[in-house]
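Each remark here refers to the structure printed beneath this line.
The values are calculated or read from the model by the stated rules, or taken from the named source; none is laboratory data. All values derive from a computational prediction rather than experimental measurement. Glycine gets a Cβ as well: all are built from the backbone with ideal geometry, and neighbour counts include every protein chain shown.
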Amino acid sequence: MDQLNGSQMISEALKAQGVDVVFGYPGGAALNIYDETYKQKYFTHVLARHEQGAVHAADGYARASGKVGVAFVTSGPGFTNAVTGLATAYCDSVPLVLISGQVSLPLVGTDAFQEIDAVGISRPCTKHNFLVKNITELPKILKEAFYIASSGRPGPVHVDIPKDITATMGEFIYPQNTYMQTYKPTLKGHQNQIKKACEAIMNATRPIAYIGGGAISSNSADLVREFIKKTNIPAVLTLMALGVLEKNDPCNLGMVGMHGSYAANMAISEADLIIAFGARFDDRVTGNVSEFAKSAKIIHIDIDPSSIGKIINADYPIVGDLKSVLEQINEKISWAQENLRPWHEQIKIYNKLHPMCYKDSQQNEPLKPQWVIEELGRILPKDAIIATDVGQHQMWVAQFYPFNYPRQLLTSGGLGTMGFGLPAAMGAAWAVDDKSRPVVAISGDGGILMNIQELMTLSATNKRVINIVLNNNFLGMVRQWQSIFYEERFSSTDLSIQPDFTLLAQGFGILGLSVKTKSEFSAAIKTALSSDKSSIIEVKIDRFENVLPMVPAGGAIYNMILE
């Protein structure tokens, strides 16, 4: 059998898993890993400019491609810098493997230079983690890491490898299959529960399909579309599910929840049956739980049994892989019933009462952010990938961009991580042909500065990401809350003193543009699309524009602030 050192085993394992790109940042405890990375020819290593950026890039790669993202970091501060990236992936169920260097085994527990209890820190923000203590364990652990990350409910897995292990020789036998006694995700739904659920669906008069991010991570979008087409049941989507249904699908009521559409929030509130497809009933969707859909029976389909009944009790719980369960439901379910016609008429009334709209500026400037997002949707190819940061711009993108495909929107929905958009877009640019399928990162003037160093990575690797900065000189979402709930006491949210974004772009060796008018914005997007370089387009927008509708925290989702 082959005798390899630990670093060579890592490379061989990544080759076996089909890994083509790794994002990372080297350091002392990871030197052996990086020496082997230099020698191998199986994957490309992308040198990020910060460990958080590396993990977000691996995350963005995973979301855009559906594959497992991989990142390398060193011990101590290298690892702690990566933790926010792990937590972001964990909260959004993204398959990712982080391999970190650690001090040599004899030094573990001695407060050695750059030693930190990495597995202790990563435990609450990973699906699973490993500390490798023997070279004989390494092949099996690496195989299990990829299996755990990508099976069941996906999530990040952390593998901490002491430096001496990466240099130790051992027999390399990479397992063909993985068997774990204590980890066996349930794939097939219970037949009797599925039968009961189908009966409930056919008997409902005000049903709503509530579609979550699980529809994307399980690769079930086509089956969800088949279900909606077959039943004609109106659907609401979470932020993480945008793109599962086409924007203009007549059954698509849009995003539901705190900044969801009036029609989506009212429809789910009045439903007599909610069919949850890979959704977790989080607080941004339900609002006040005691007031949420009080007349509805709940069908909850999820591969993670801990999600079912966690927030809202399920009348028809179905544990299983959404793709498998939907295949069974679509076989059993009948075509649309006439009894849904009054329900659709009621929803039309909701849409007419308060459509998703905004008051456009009568003057050429300042630009309304909603118009900017709509114009972007008109200019970009239909399948362009959009990554966002977190804040007002994120919600405007969710409300007004025409998402038509799964894996088209990359955004931090669970943890709400500012600084995610740019490095996530960078990762996506490695997952697709970024020259033929544009990758666009949309940020606010606050979030863009949190990981702006990754512009250097884009410049150095000749990848093209169009970075749009909606600049209102505020931490906009915090300012909005201060305006509505804190009597306009704008504490520490004014960002009037800023860098010159066009000069900043030039310093990184990319294209820099700043626009104030509609014609300037449209021209800037076309210029960026015609360039092979990455770019920053700063867009001056209305400083005091709010994201509406808005459900106050803890309120019922049918009680919305509309203007």
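Annotations for the structure displayed:
- Output for segment 121-179, where each listed residue is in contact (Cβ under 8 Å) with a residue 60 or more places away in the chain, in a loop (DSSP other than H, G, I, E, B) and within 27 Å of the chain's Cα centre (by Cα): GLY152, ARG153, PRO154, GLY155
- Tally of residues being in a loop (DSSP other than H, G, I, E, B) and without any contact (Cβ under 8 Å) to a residue 12 or more places away in the chain across segment 301-337: 2
- Whichever residue in segment 60-72 is farther than 16 Å from THR411 by Cβ and touching a Leu at 6+ places or on another chain (Cβ under 7 Å) and, among such residues, is surrounded by the fewest Cβ atoms within 10 Å (Cβ to Cβ): VAL68
- Only one of the numbered conditions (1) touching a Leu at 6+ places or on another chain (Cβ under 6 Å); (2) at pLDDT below 95; (3) of a type in the set (Val, Ile, Thr) is not met by VAL119, and that is (2).
- Matching residues in segment 530-563 - criterion: being among the hydrophobic types (A, V, I, L, M, F, W, C) and farther than 16 Å from ALA505 by Cα: ILE541, PHE544, VAL547, LEU548, MET550, VAL551, ALA553, ALA556, ILE557, MET560, ILE561, LEU562
- Close contacts from segment 4-23, counting a first residue that is under 19 Å from LEU47 (Cα atoms) and a second that is surrounded by fewer than 20 Cβ atoms within 10 Å (Cβ to Cβ) and aliphatic (A, V, I, L, M), with Cβ to Cβ under 9 Å and a gap of 6+ residues or different chains, come to SER7/ALA167; PHE23/LEU47.
Table: residues versus (1) closer than 18 Å to THR80 by Cβ; (2) of a type in the set (Gly, Ala, Ser); (3) not assigned by the TED database to the domain that holds GLN17.
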| position | (1), (2), (3) |
| --- | --- |
| PHE113 | yes, no, no |
| SER150 | no, yes, no |
| ARG153 | no, no, no |
| LYS163 | yes, no, no |
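- Helices (runs of 4 or more DSSP H) fully within segment 458-563 counting 3 or more residues that are hydrophobic (A, V, I, L, M, F, W, C) and surrounded by fewer than 20 Cβ atoms within 10 Å (Cβ to Cβ): 476-485
- The residue that is modelled with the lowest pLDDT, counting only those in segment 336-355 that are touching a helix residue (DSSP H, G or I) at 6+ places or on another chain (Cβ under 6 Å) and of a type in the set (A, V, I, L, M, F, W, C), is ALA336.
- Within segment 189-212, not a single residue is under 24 Å from the mean Cα position of the chain (by Cα), in the same structural domain as GLU345 (by the TED database), hydroxyl-bearing (Ser, Thr, Tyr) and in a helix (DSSP H, G or I).
- Counting only strands (runs of 3 or more DSSP E) that sit completely within segment 222-280, zero hold 3 or more residues that are out of contact with any strand residue (DSSP E or B) (no Cβ under 9 Å at 6 or more places or on another chain).
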